[in-house]
1. Quick check on my filter: what residues within the range C:237-260 are outside any loop (DSSP other than H, G, I, E, B) and either β-branched (Val, Ile, Thr) or within 12 Å of chain A (Cβ to nearest Cβ) (or both)?
2. Restricting to the range B:274-301, name every residue that is touching a strand residue (DSSP E or B) at 6+ places or on another chain (Cβ under 8 Å) and open to solvent by 20 Å² or more (accessible area, probe 1.4 Å).
3. Yes or no: D:Ile161 surrounded by 14 or more Cβ atoms within 10 Å (Cβ to Cβ) and at pLDDT 85 or above?
4. Which one of the conditions (1) of a type in the set (Asp, Glu); (2) open to solvent by less than 50 Å² (accessible area, probe 1.4 Å); (3) free of Cβ contacts under 8 Å to residues at least 40 places away in the same chain does D:Glu62 fail to meet, given that it meets all the rest?
5. For B:Ile88, which of the numbered conditions (1) assigned to a helix (DSSP H, G or I); (2) more than 14 Å from chain C (Cβ to nearest Cβ) fails to hold?
6. Which one is surrounded by the most Cβ atoms within 10 Å (Cβ to Cβ), of the residues in the range B:202-228 that are in a helix (DSSP H, G or I) and within 14 Å of chain C (Cβ to nearest Cβ)?
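The values are calculated or read from the model by the stated rules, or taken from the named source; none is laboratory data. Keep in mind it's a predicted model, so treat the numbers as computed, not measured. Cβ: placed from backbone, ideal geometry, glycine included. Neighbour counts: every protein chain shown. For accessibility, only protein heavy atoms count, side chains too; no ligands or nucleic acids. Shrake-Rupley method; radii C 1.70, N 1.55, O 1.52, S 1.80 Å.
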Amino acid sequence: MQVEQLTTWMQMLVPEATPGISKQYPEFIVPAAKLHDVARQLKENPETKMDYLFCLTGLDRKDGFHVVYHLTSTTLHHTVVLRVVLADKANPSVATVSDLWAAAEYFEREAYDLLGIKFENHPDLRRLFLEDDWVGYPLRKDYKDSFTLER
Amino acid sequence: MYDFSPLIDSLSAWLNQTFSPFWAGFISMVLLGVALLAFYAVLGLYLVYAERKICARMQNRLGPNRVGPGGLFQTIADLIKLLMKELIYIRNADNLLFNIAPFIVIVASIMAIGSIPFAKGLQAIDLNIGVLYILAISSMGVIGVLIAGWASNSKYSVIGAMRSGAQVISYELSVGLALLCIIAYAGSMQLSEIIASQQDGWWIFKGHIPAWIAFVIYLIAGTAETNRGPFDLAEAESELTAGFHTEYSGIKFAFFFLAEYMNMFIIAAIATTLFLGGWLPFHIWHFDAFNRIMDYIPPVIWFFAKTAFVIYLMMWFKWTFPRLRIDQLLALEWKYLLPINLMNLIVIAFLILMQWHF
Amino acid sequence: MEETLMDLDLKEKEEYIINMGPQHPSTHGVLRFETCLQGEKVKWIRPHCGYIHRGIEKMSEALTYPQLVHLTDRMDYLSAHINNEAVALCVENAMGVEVSDRVKYIRTILAELTRLASHQLWWSAFGMDLGALTTFFYGLRDREKILDIFEESTGARLLQSFITPGGLMNDVHPNFQKRTKEFVKYFRKKLPEYDQLLTGNVIFQERTKGIGYMSLEDAISYGVTGPSGRGSGFHCDIRKIAPYSAYPLVKFNEITYTQGDTFHRYLVRMREMWESLDIIDQLVDNIPQGPTMLELKAVKPPKGEFYQRVETARGELGVYIVSDGGPTPARIRYRTPNFSNLFIINKIASGHKIADLVAISGSLDLVIPDIDR
Amino acid sequence: MALLTTIKEVGNYFREIYQGVASLVNGMKVTGKYFVKPSTIVTQKYPENRATLKMFDNFKGELILIHDENNHHRCNVCNTCARKCPNGSIEVIARKVVGPDGRTKKVLDKYIYHLDTCTFCGLCVPACDENALKFDNTFEHAVFDKTKLVKTLNHPGSSKIETPE
């Protein structure tokens, strides 16, 4: 599917989705409440068939935490980027997509571990790399500890 | 020539003259024990060295070359290191069994060595049921392995021990049946008799193809019996770290290590005795000049050369093949080796009945 | 898998849990498999990682782009060149500059040599996992020759940090072409020996065929890429999907099998070595002349977000740079191949024997620092 | 018919055995070949061959400050290398001296190099505009005391080479 088609398709699906800034892949900023629905549609719709989540990233930006989903279709070879902005920095939370893509389970655990983003309905949301009693979320910009390399 | 029996007889006669019969027997036993132990230790060490050198050559390496000329004293240095190492006692382990296990393993292998004929007359005991005795004694080693795995109170060790148990119980069968083929040919279980029956040709040559099959099966089953690669499932260092001897340290570990190599020697020695003519020289029929030259080589050398060849074969297997899985290991025994072996035995019985062997 | 996890659960409630790792010969690094056994059979596996988590993503936020390249070496240390290349390409694309053809050719040759070296080491270690210890030495013997090529040109054997945003740290050594050609010739002779020793071996085939079946759906869903995914028929070779560097110029095949078992994951890698040799053959003779480093005033990608996918020896590596326009990234994220490849192990290994678990984890070719980062 | 399949199966059974044994022998040929050819041994006896062992010219062993025969180096204390170093392995300590013309200028007091934290990324050498640095080929870095890995690279009594302005 071409980029233009995908854009109109997305606009139909989620009218509140706004195109993102990236020029590399078509990107859409999706409200957190609708994310799971959009993701399921993207995966199951025969026109999109986004069956491969190749990257899930948590970002700590000024306007809140972002969760970025890089999706691609292994059969139709088109890529789309979904972005969720979680403005509530104190308690960022978004629905899990681990029921759609198994890879997301561990990407989400990583994001939870390092950024403290909570994924609702996640089957096993525990620390992945750090110990269970670790205090704080290291990839947050306000995280400080004695080992951080100051420059 | 090269008959050791006059020497041994004169020694025992001298002992009997000088001492009372009780002391004569006692001294001869002590002498025998010391000789066997010394032989055991030296041979075990140099088998380790040989294995290291052989596998190094197969792997494009130099092998041990630091301690002594060509690394000859490397294993001795290792032994000294192991002797000086701390013996770790494990909390919650069954201490009595834990300490006994290495001795059971090593005693089993020493006892088996006692009845191996190294040359004419050079044999500690010549039992009339020699083969049976060796089979019975060498399978005692697995009890040590089982005890070691159980008493260590380690999960890896238990798995290793259980594997070892299953393995040895099944392969004991093939070893026994393969040896039975030769016993059927020779008509005796006494090792010296079996060698004497090969005076005019080794069983592997005059036993036709069934003897070859029995030899190959014996080699495979014997390798499995000694827990060596590709059948080293009880140790399986990539799965079970070190299997049944994971928790052992110092000299107790060395006992297991030494016993493994000595078991290999015993298996090879029995193969030599039963299939390859023991200490008998290699003869070619009606080629008297050659035969006479062969006769000049002492039988001890013949025996050890043949044993070394079999040991080399076993090492070659170990350093070439991947390890089998436990179910494949058992399938190999029960689906392939055992039926072939039984068929083989029937064929041999038929051959003997028709008097087709030489 | 004859029995499903559920059947096993119903039969036996008692759990016999052993920890494979973090210090265990089969995990090739500090990774822990919490393994539940029933006799010899594996009921479930829970991988625990993080034993060597060094926070490369966090550290990189304090470093400039040329500086953070050397940290990527330490992720998948067996594909160091390819990791460097990923960052370099991402930064170059972000800045809208293009390196000279010479750099592209050299990068591709180095990447393929890295892939060969990595597969050689994998082959060695895989044989050792299965108990064939001699393979380890043969693989390392041949790998040394590649490391010599690297050392002569880049000054280091394992962690080269040679490819940098804008080009290469320095030009390759004059002997580079000659040595590479010699190696290709040498290795073409040695590769059939690998097959003779291990691939054809009946014990090896019994140990690997039909073991650890991974379906195509699982591979895609879990994001298992690289040779492990291609063994299940997942066309995931980034060199074909989104060609970079000199890959558009060369002809090679993407090796895929549909069987998806351990043996076919093995075969993919063995055949990939032949393909890598072919790629090097096509490139090594016609490396064009040109500058090896772009004249860049400062390595500062503009404000924005950039993603670059490359194919390392183990699968898809994604580099995701979030730039605020400064000399350091605001956030850099590595989507590493091993991270995704690891977690399928519970799915494909449960129900098999414990010895198969070793074979399966060996066939996934895990490099632990790449999981933990 | 049943007999035929039985015969076939028995045939398969024996073919399997034959092929299995053949593949094993095939593998043993490889190891056997190397066993009889000692010339294929690739390992070296390291400390013995130290005299003949030569590293490649590019090999990054450790950082050195180039000194010429008159004990002159070329460092002008610009600190670029220290800034380029991702791990902070380089400390350039300057000292102020009063030149013959009465102006104070900074000269190198100590060039401290932490070999223990160096990751050999090689960014410092091309960063130096004066070509004052290079990587040496030494490789025997093992020491018993960690403090020995902190090295002062400028030789005692060395000074900056006088270049005509």
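1. First, pick out the residues of the range C:237-260 that are outside any loop (DSSP other than H, G, I, E, B): C:238-241, C:247-249.
Result: C:Ile238, C:Lys240, C:Ile241.
2. Hits for the range B:274-301 are B:Trp279, B:Pro298, B:Val300.
3. Numbers: surrounded by 14 or more Cβ atoms within 10 Å (Cβ to Cβ): yes; at pLDDT 85 or above: no.
No: the conditions fail for D:Ile161.
4. (3)
5. Only one criterion is unmet by B:Ile88, namely (1).
6. In this case the residue turns out to be B:Ala224.
Each row is one residue, and each column tells you yes or no for (1) farther than 25 Å from C:Asp195 by Cα; (2) assigned to a loop (DSSP other than H, G, I, E, B).
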site	(1), (2)
B:Phe309	yes, no
B:Leu313	no, no
B:Phe321	no, yes
B:Leu330	yes, no
B:Glu333	yes, no
B:Tyr336	yes, no
B:Ile340	yes, no
B:Asn344	yes, no
B:Val347	yes, no
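Residue-by-condition table, conditions (1) within 26 Å of C:Ile238 (Cα to Cα); (2) modelled with pLDDT under 80; (3) open to solvent by 70 Å² or more (accessible area, probe 1.4 Å):
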| site | (1), (2), (3) |
| --- | --- |
| A:Gln5 | yes, yes, yes |
| A:Ala17 | no, yes, no |
| A:Ile21 | yes, yes, yes |
| A:Asp37 | no, no, no |
| A:Glu44 | yes, no, yes |
| A:Gly64 | no, no, no |
| A:Thr96 | no, no, no |
| A:Ala104 | yes, no, no |
